[in-house]
Amino acid sequence: AGAPLAVLSRRLLGHPPLIAKLVEADPLAGVEPAKPAVLTPQEEDAQLLKEGWRHVPSSTGQGNGYWIRSGYKSTYTVEKPQPRKQTVPELEDLGLSVAAPEDLLLVSLALVDQELGQTVLTQVVEGIERGFPSNWLAERRVELLLRLLATDKDGLRQSRQEQAAAMLLERIEDLRLGTSASTRGLKNHAQCTRMEMLTICLRRVRRFIASGGGAGSAKAAAVAAAGAEGNEGLEWVKGWLEQRRPQLRVTLNDLQGSWTNNQEQEIRVTHDRCSFANGEPVTITQDEETGTFAVPGWALVQEESWPGNVVWASRNTRETTRWTRRVPVVTSTNSANQPLQATVLGNNVDEDDDYELYGNNATENDLKIDTSNSHTL
């Protein structure tokens with residue numbers, strides 16, 4: 001009974017659609033997330049300071065004073081705030097930093113035999129091609145590929161590295177020349193997104209291989225070799241993209257930073273991860289048909305948006321919501337030790353930016369300082 005089951009298991013594990021789904025949904029399966037850090041009182045205070053909180057003692061010497069957070073409008077509290085909890089992606093990144101390549105399920109599958117290894121490598125490269133730059137899952141697929149190229153448990157590391165580089169280059173040339181019907185059928189923005197993803201990945205693979213590919217963490221090795229650009233033969237890519245890339249009024253880069261919506265919720269975007277009111281982040285995706293961006297249940301309306309003011313339309317109703325740049329506040333105190341505020345309005349201003357007044361795309365007209373209730377900044 002054991003032999004037929006083993007054969008069935010091998011056929012199931014080698015089934016390309018199954019591996020493709022794993023690459024798509026959970027490329028780093030097998031990595032144990034790190035446990036949330038338990039902070040000492042001193043570490044808590046340091047974290048609160050890093051997040052912009054500071055304690056203001058009572059002016060009368062009685063009571064505990066209050067806590068105030070620079071960068072949030074009228075945000076102060078008598079109770080000591082709690083530091084922001086680490087998110088699931090952050091804990092996964094910490095777990096990945098100490099994981100061996102073979103801890104990843106897909107790397108282990110690739111080491112079962114050469115045929116299965118070929119299937120895994122093919123599906124990983126195809127999964128990378130379907131991603132887009134700054135996409136959280138796409139970055140994890142690239143990390144999976146580098147971990148796969150780092151292992152030599154089966155003695156095939158060098159050939160696997162050469163094959164991965166060749167597969168990426170082949171797909172790049174297909175996009176460039178339009179040799180396949182599936183590539184020719186893609187719209188310009190989809191071709192550009194795939195070209196960016198593939199060339200970014202190929203450069204990283206080349207740098208990784210040039211660094212010795214396999215000594216320590218894949219990411220660390222790639223970073224260590226960052227001096228080698230890995231751009232040989234790809235000098236044409238920039239011009240190719242400029243000719244084909246459609247202009248979006250709002251790009252993923254424009255969405256980075258802090259916002260508020262119609263419901264006065266605080267929103268934070270980092271790469272393609274979007275957090276609402278300190279909740280767990282959701283992924284911002286890119287629609288292959290329109291090129292615009294979406295979060296679960298909502299799509300960005302490019303025609304009605306600009307980098308400092310973004311409109312989202314519900315996919316299920318006719319409702320819309322608007323994001324505007326969150327208003328940072330520079331805080332001081334008066335002689336009574338009460339908080340005074342100067343509001344700074346600017347595009348892409350963020351509480352972590354030390355009040356950088358001119359961010360991306362900001363102009364002098366974007367800057368307004370309200371000192372009606374303050375005499376000291």
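Identify the trypsin sites (Lys or Arg not before Pro) of the stretch 60-126 meeting these criteria: DSSP loop state and at most 14 other C-beta atoms within 10 Å of the C-beta. Don't skip to the answer; put the middle values down first.
Numbers: sites: Arg69, Lys73, Arg84, Lys85; in loops: Lys73, Arg84, Lys85.
When the trypsin sites (Lys or Arg not before Pro) of the stretch 60-126 are filtered for loop state and at most 14 Cβ neighbours within 10 Å, Lys73, Arg84, Lys85 remain.
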Inset, instruction - Can you pull the one-decimal nm distance between simple spin-label points at Val98 and Val282, each 7 Å off the Cα toward Cβ? - result: 3.3
Legend entry - Full-extension gain in nm, Arg11 to Glu319, via 0.36 nm per residue minus C-alpha separation: 106.1 nm
Inset, instruction - Would you mind checking Lys85/Lys238; Lys21/Lys50; Lys35/Lys80; Lys21/Lys153 for any pair whose Cα atoms are more than 31 angstrom apart? - result: Lys85/Lys238; Lys21/Lys50
Legend entry - Accessible surface ranking that places the most exposed of Lys238, Lys187 first, with a 1.4 angstrom probe: Lys238, Lys187
Legend entry - Integer Hz, Karplus 6.51/-1.76/1.60 couplings in order for the stretch 61-67, x for Gly and Pro: x, 10, x, 9, x, 8, 10
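Which whole-number percentage describes the relative contact order of the stretch 1-135, with Cα contacts under 8 Å and a sequence gap of 6 or more? Numbers along the way, then the final one.
Numbers: 118 pairs, mean separation 40.1, N = 135.
Taking the mean separation of contacting Cα pairs over the length of the stretch 1-135, I get 30 percent.
The values are calculated or read from the model by the stated rules, or taken from the named source; none is laboratory data. No experiment lies behind these values; they were computed from the predicted model shown. Heads up, the Cβs are rebuilt from the backbone with ideal geometry, glycines too, and the neighbour counts pull from every protein chain shown. These area figures cover heavy atoms from the full protein model, side chains too; ligands, DNA and RNA do not enter into them. Shrake-Rupley method; radii C 1.70, N 1.55, O 1.52, S 1.80 Å.
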